[in-house]
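The values are calculated or read from the model by the stated rules, or taken from the named source; none is laboratory data. The structure displayed is predicted, hence computed values, not measured ones. Note that each Cβ is placed from the backbone with ideal geometry, even for glycine, and that neighbours are counted across all protein chains shown.
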Amino acid sequence: MTWLELYGRALAADEAAAGYYNRNVGLPSPNGKVNVRIPLEAADVMDVRLWREEDVLARIRPYVARVPELRHVSEDPPFQVHHFIEGRVLDSFSPRGAPVPDNVLSDVVTLMDQLVRIPQEMAPDVPDHWPASGDSSGFGHLLASLTRDVHATYRQEYREAFAELGIPADPLAVVEPRWDSLTSRPFAVLHADLHRKNMIVTDGATWFLDWELALWGDPMYEIGIHFHKMDYPEEQRDAVFKRWRDLLPARFTAGPVNDLDLYMAHERIKSAIVDTVRYSKQLAAAARPEREFLMGRLAKKVNAARELWGLRRDLSPERVADALAPWREGWSWTS
């Protein structure tokens, strides 16, 4: 069987796991089961994209053991083939808000430590406009610029929805003055998308998937976006932060907790904007239980940002559904 034939079978497969940027299909091959990873052509890019995932995997493999092994890369048509990792997705037995097994916590911090030890010359190249290592303020401004662009892109179409949800005309004004106060830390390779659906646990070990959002940047951002997406119980978050500061070289973890809080505040604001758009597009095809899940989850995300904007955290799922009425195509909250 050729790689192109494998790709054809993946395209025709009924069962697939899809994120925002890729479709994943597990298939048998002459050399064992593999994961065929196909980019989604219509994906809205709402995250900073720096490197091609296959370049990241090839470069980090000598330093990070529990990442997918790259078997094949095709430019035309675009797809990758990874070895298939058997196991349980962390989210399937430890969903957001639930405690995480201690061995997973250790594996996460170990991964972050392994990443900061990759020399810059061994990472993929960065473009000339990218902030220099140590320019944490420049890195923060770069993240915020993408969030501003996303907001500007959808501001007119979602004007009424944003207003109903409490998203202000300048949603980043509350964090913008703080970027210049960030502590200078040397940059490192960041996964930048470490959450429960990107971790597979097998035989007591955690494997880390989906490296398409990997960045060269401030390690404090890695732990901040991880906390935002993992939604740990508070005591576990504190334990992970302590382990992180104890294990990593001090120069990568230097600075006050205010730096961590700033990155997390930015992610809350970004999530309120981005997920309002993303969830609205999922509503029409969603069955009632999924609709209720989406509206409940979006209410929680927007409420977290509303607190930063000086608003009450009183947004209900029903109010979210009303705000997204133009995208509901005829269904009501009770139907």
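Tabulated data
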{"read-out": "Some residue of the stretch 84-92 being exposed (fewer than 14 other Cβ atoms within 10 Å of the Cβ), modelled with pLDDT of 95 or more and of a type in the set (Ser, Thr, Tyr)", "value": "yes"}
{"read-out": "Residues of the stretch 274-289 that turn out to be in contact with a helix residue (DSSP H, G or I) (Cβ under 8 Å, 6 or more places away or on another chain), under 13 Å from residue 324 (Cα atoms) and assigned to a helix (DSSP H, G or I), as a count", "value": "7"}
{"read-out": "Helices (runs of 4 or more DSSP H) fully within the stretch 127-233 counting 1 or more residues that are modelled with pLDDT of 95 or more and closer than 22 Å to residue 116 by Cβ", "value": "136-154, 219-230"}
{"read-out": "Yes/no for residue 288 being under 23 Å from residue 196 (Cβ atoms) and either free of Cβ contacts under 8 Å to residues at least 12 places away in the same chain or out of contact with any Leu (no Cβ under 8 Å at 6 or more places or on another chain) (or both)", "value": "no"}
{"read-out": "Number of positions in the stretch 1-43 that are in contact (Cβ under 8 Å) with a residue 40 or more places away in the chain, closer than 20 Å to residue 195 by Cα and surrounded by 18 or more Cβ atoms within 10 Å (Cβ to Cβ)", "value": "4"}
{"read-out": "Given (1) under 15 Å from residue 78 (Cβ atoms); (2) in contact with a Gly (Cβ under 9 Å, 6 or more places away or on another chain), number of the condition residue 33 does not satisfy", "value": "(1)"}
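Conditions tested, residue by residue: (1) outside the structural domain of residue 298 (by TED's automatic domain parsing); (2) surrounded by fewer than 23 Cβ atoms within 10 Å (Cβ to Cβ); (3) free of Cβ contacts under 8 Å to residues at least 24 places away in the same chain.
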| position | (1), (2), (3) |
| --- | --- |
| 213 | no, yes, no |
| 219 | no, no, no |
| 227 | no, yes, no |
| 234 | no, yes, yes |
| 238 | no, yes, yes |
| 242 | no, yes, yes |
| 245 | no, yes, yes |
| 262 | no, yes, no |
